[in-house]
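The block underneath contains the structure these notes are about, expressed in structure tokens.
Bear in mind that the values in this text are calculations on the coordinates, not laboratory data. As the structure is a prediction and not an experimental result, all values here were calculated from the model.
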Amino acid sequence: MTAAGRWRDENAEELDRLRAAVREWREANPDGHPDEMVAALGGQFRPDWEPVLRSVLFRIDLRDTHVTTGVTIITGEDR
């Protein structure tokens with residue numbers, strides 16, 4: 001059994017690549033399920049990054065909801 005990696009310790013370029021891939025996937029699959037996203041993108045990143053992929057998708061969806069509806073998100077972010 002391998003220990004899960006600490007994704008916050010990864011380099012910024014890798015995280016930027018992951019964020020871009022998730023955003024691109026969401027734009028192409030607006031009604032897609034997170035499991036479908038993990039299946040489509042998981043092989044491009046480390047195997048223990050499934051939670052990271054899911055969390056990035058969650059954040060993207062929250063931000064898009066704010067842009068679309070004007071609803072304030074309770075995360076403390078203002079962008």
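Looking at the range 11-69, the pairs of alpha carbons with a distance over 19 Å make up 23% of the total. Maximal additional length on extending the Asn29-Asp61 stretch stands at 10.3 nm, based on 0.36 nm per residue less the C-alpha distance.
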